[in-house]
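Read the structure below first, then the notes.
The values are calculated or read from the model by the stated rules, or taken from the named source; none is laboratory data. Predicted model only: the values in this text are computed from it and were never measured. Here Cβ is always computed from backbone atoms with ideal geometry, including for glycine, and neighbour counts include all displayed protein chains.
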Amino acid sequence: MTNRLFIIILSILITMAPIQGAQNVHTHGTGQWHIMSTEDRLVMTMKLPAMSIIGFEHKASTNKEKEIIDAAKKILQDPSLFTFYSTSRITKKSNPIPLITPSNQSVSMVVESAKTEAKDDAHDDDHHHHDDHDDHDAHNETHAEFHATFEYKKIDRISSISTTLFDHFNGIEKIEASIITDQKQSSAILTKDNPRIRL
Ligand SMILES: [Zn+2]
């Protein structure tokens, strides 16, 4: 992948509408993890429903809520959230690489109101599909996500990456992960029992 193309894709990923509009509201319990690996860089972005991380999806209104958000951000900024593995060319065994610190990273909580679709208004008595969002107002849902990006200088021969995210946040049940490298595109579903993705 050329650097130019890489930068275009990166800027799309980063500037993408935070919650992607009312038609595509996130699912609580499900996170997104995008990994891009090029000749000289590895960039990862994560999008995690705030409900699954801190238990609410609104701006902090009390000091206690601010503390909860800050504590979550601290975990999401910890380099030990990820372990990189490389496969030995000789033994073919996969071994963890010593802790790697990103050259660049950011984490933020993005809060967005999403108006429900018009058809909902015609069925005021039927909001069963909101059961998993029972703390949200049916007509003006507010959602929030944690967005984190990590940029690393090229890490040699990574064969897989695992995350401890599931250990820190019980509310995250699965992560939809996708990978773009110079050679291929692939995706995988990660869970607490399978928190590792192959590159
Ligand atoms: Zn939500």
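Side notes on the structure shown:
- Of the residues making up segment 44-61, one or more are buried (at least 18 other Cβ atoms within 10 Å of the Cβ), touching a strand residue (DSSP E or B) at 6+ places or on another chain (Cβ under 7 Å), within 15 Å of residue 158 (Cα to Cα) and modelled with pLDDT of 95 or more.
- Residue count for segment 135-159 under the criterion of being within 16 Å of the ligand (Cβ to nearest atom) and at pLDDT 80 or above: the result is 6.
- Scanning segment 160-192 for residues that are in a strand (DSSP E or B), surrounded by fewer than 16 Cβ atoms within 10 Å (Cβ to Cβ) and touching a residue at least 24 places away in the same chain (Cβ under 8 Å) turns up 160, 174, 176, 178, 191.
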